[in-house]
Amino acid sequence: RELCERFGLSPTPFKEALVALERDGLVEARPRRGYRVAEPDLESVCALYEVRGVLEGLAARLATRNATPQLTNELNQIQDRHRSQRAAGDLAGSGESDLAFHRKLWDASGNPYLMSMAESFTNQAALMMTSVRSRNPERQDQALDEHDALIDCIVAGDEVGVENLMRKHVALTARALAE
């Protein structure tokens, strides 16, 4: 009720939004008490990142198959921005750049089903990654280096190598989340 009043919304669209957030795993309903931000358990994190690794690996392989000099240039620009944000301690911006890197690969895959599935994981992964960025800043530096290695594989046209590296990248992120 308080949030509806604060944002000037009627209860129906607000309730629909909460149901959608619950469906996406971002909030949890608490009977007769309302909703709270979801706190994923270790099992959920591992399950999500297991599927994400396969999907991201496929995206990287297909993006490599479809690679153009423009894709490489755009990925390098994202990396430059990400490094600047990391150096400035901009956690939110750094997170956005990290996601932009992955979205660029999803888009370059050319597979609309893959893009839709990958996007569905985005909100859940973003919720989890916030804790990694704040608690384990070294992981960001490692991720930047891993992104550089992915770009190198794309430039070399190494579809198998890029898929394996991406799966490893996602697995290392999952491990950082678990820790």
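Taking PHE121, PHE7 and ordering them by how much accessible surface each has at a 1.4 Å probe, largest first, produces PHE7, PHE121. With contacts taken as Cα pairs under 8 Å at a separation of at least 6 residues, the range 1-89 carries a relative contact order of 10 percent. Computed over protein heavy atoms with a 1.4 Å probe, the carbon and sulfur contribution to the accessible area of the chain reaches 52%. Simple spin-label estimate for LEU99 and THR72 gives 2.9 nm between the two label positions (7 Å along the Cα-to-Cβ direction from each Cα).
How tilted is helix 42-65 with respect to the longest principal axis of the chain? Cα atoms for both, answer in degrees (0 to 90, nearest 10). The answer is roughly 40 degrees.
Just order 54-60, 166-172 by mean Cβ neighbour count inside 10 Å, highest at the front, would you? Show your work: numbers first, answer last.
On the way: 54-60: 22.0, 166-172: 19.9.
Top to bottom by mean Cβ count within 10 Å: 54-60, 166-172.
Put the Cα centre of the range 142-164 next to the Cα centre of the range 92-106 and the gap is 15 Å. Counting every pair of alpha carbons in the chain, the share spaced more than 19 Å apart comes to 61 percent. Against the chain, whose longest principal axis is taken from its Cα atoms, helix 159-178 shows a tilt of about 40°. Based on Cα contacts under 8 Å between residues 6+ apart, the range 64-117 shows a relative contact order of 41 percent.
For the range 1-81, trypsin sites (Lys or Arg not before Pro) are listed when DSSP marks them as loop and at most 13 other Cβ atoms sit within 10 Å of their Cβ; the list is ARG1, ARG32, ARG33. Measuring nothing but how far apart in sequence close Cα pairs (under 8 Å, 6+ apart) lie, relative to its length, the chain scores a relative contact order of 32 percent.
Can you work out the FRET efficiency for the pair ARG1 and CYS46, with r the C-beta to C-beta distance and R0 = 45 Å, to the nearest 0.05? Write out the running numbers ahead of the final one.
Numbers: r = 37 Å, r/R0 = 0.82.
E(calc), rounded to 0.05, equals 0.75.
Take the Cβ atoms of ALA87 and GLU119, set R0 to 30 Å, and the FRET efficiency comes out at 0.55.
The values are calculated or read from the model by the stated rules, or taken from the named source; none is laboratory data. Fair warning: this is a prediction, and the values are worked out from it, not measured in the lab. We place every Cβ from the backbone using ideal geometry, glycine too, and count neighbours over all the protein chains shown. Remember, those area values only see protein heavy atoms, side chains included, never the ligands or the DNA or RNA. Shrake-Rupley method; radii C 1.70, N 1.55, O 1.52, S 1.80 Å.
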